[in-house]
């Protein structure tokens with residue numbers, strides 16, 4: 001096998017489990033709960049899968065630098081609340097609300113980036129602390145407008161429309177995925193970013209601005225969380241202060257199951273988005289089966305542990321070990 005083809009095979013093998021898992025989920029659903037595979041059911045699931053996927057893409061970028069972001073729920077929730085507060089139920093203020101939400105999220109990401117990339121603090125502790133600060137800000141901010149106020153009607157009506165039979169939120173997720181695929185594979189900035197994540201020390205030696213890359217990635221990630229928050233607020237119309245709670249573990253799980261290297265460098269936007277839809281579909285199937293909430297958490301946790309057991313890094317090591325065995329002299 002030529003070296004280039006071999007390299008492509010080794011790299012691609014890390015992303016295979018998520019597609020196998022999705023196929024198995026479809027088979028199980030077709031046997032036990034076929035109604036979840038109807039056009040109506042899939043159309044209903046699509047926007048929620050895309051929302052998780054958008055947040056997971058932000059988390060993926062952070063993981064590619066060898067970090068992790070636990071401020072996701074707070075950032076997403078604040079963006080949703082700003083959409084309500086700044087939007088003030090007026091369609092003419094929709095874009096102001098969206099711009100403000102994304103701008104504030106960028107500031108949160110900048111704070112994370114400076115503390116982690118600039119001052120070199122632990123990303124787990126920093127993002128957890130920043131997330132708690134953001135939750136405190138949310139608690140204060142929501143007192144400035146009536147409880148459970150709706151988003152502007154124009155935004156909620158837009159999320160309720162259908163483009164080719166699916167919510168526009170789904171297409172936003174597709175667009176974000178394609179944008180990141182192009183950026184990471186076909187641009188100098190994207191390829192340099194992957195190198196920085198895989199080996200920051202060597203990148204620093206050759207003159208790449210590692211610190212700047214690490215700071216900017218948290219900004220971009222936070223903006224993706226904000227986009228998900230704004231879209232989710234429009235989808236449910238009356239967002240509450242706990243709207244972001246499911247997005248603490250979900251995006252991390254999607255990144256892990258999607259085959260990203262937890263040591264940084266390698267990840268696939270497509271696999272991450274597929275993993276988000278797998279988790280959303282799994283959750284929907286368990287609800288359709290009528291499983292108790294406690295058992296749903298158990299299954300969800302076991303899936304994540306399974307994802308860790310067959311993580312991309314472990315698959316790569318296994319494939320490399322197998323190839324070394326085959327290359328040994330005298331191997332049959």
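The values are calculated or read from the model by the stated rules, or taken from the named source; none is laboratory data. Since we're looking at a predicted model, the values are computed, not measured. So basically every Cβ, Gly included, is an ideal-geometry build from the backbone, and we count neighbours across all protein chains shown.
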Given the conditions (1) touching a helix residue (DSSP H, G or I) at 6+ places or on another chain (Cβ under 8 Å); (2) farther than 27 Å from residue 74 by Cα; (3) free of Cβ contacts under 8 Å to residues at least 60 places away in the same chain, report the number of the one that residue 121 does not fulfil.
(2)
For the range 256-276, which residues satisfy the criterion of being over 28 Å from residue 203 (Cα atoms) and surrounded by fewer than 24 Cβ atoms within 10 Å (Cβ to Cβ)?
274
For the range 191-211, indicate whether the set of residues that are in contact with a helix residue (DSSP H, G or I) (Cβ under 7 Å, 6 or more places away or on another chain) and at pLDDT 90 or above is non-empty.
no
Select, from 111, 107, 138, 82, the only residue that is buried (at least 16 other Cβ atoms within 10 Å of the Cβ) and more than 21 Å from residue 238 (Cβ to Cβ).
111
Restricted to the range 9-28, and to residues that are in a helix (DSSP H, G or I) and farther than 12 Å from residue 278 by Cα, which residue is modelled with the highest pLDDT?
27
Identify, by number, the condition in (1) at pLDDT 90 or above; (2) outside any loop (DSSP other than H, G, I, E, B); (3) more than 26 Å from residue 269 (Cβ to Cβ) that residue 35 doesn't meet.
(1)
I need the helices (runs of 4 or more DSSP H) fully contained in the range 137-219, keeping only those with at least 2 residues that are without any contact (Cβ under 8 Å) to a residue 60 or more places away in the chain and more than 23 Å from the chain's Cα centre (by Cα).
200-205
Go over the candidates 216, 289, 282, 302 one by one and state the one that is more than 18 Å from residue 73 (Cα to Cα), out of contact with any helix residue (DSSP H, G or I) (no Cβ under 9 Å at 6 or more places or on another chain) and at pLDDT 80 or above.
302
Candidate set: the range 65-78, residues that are surrounded by 24 or more Cβ atoms within 10 Å (Cβ to Cβ) and modelled with pLDDT under 95; chosen: the one farthest from residue 244 (Cα to Cα)
65
Within the group 264, 240, 259, which residue is touching a residue at least 40 places away in the same chain (Cβ under 8 Å), part of a loop (DSSP other than H, G, I, E, B) and under 13 Å from the mean Cα position of the chain (by Cα)?
259
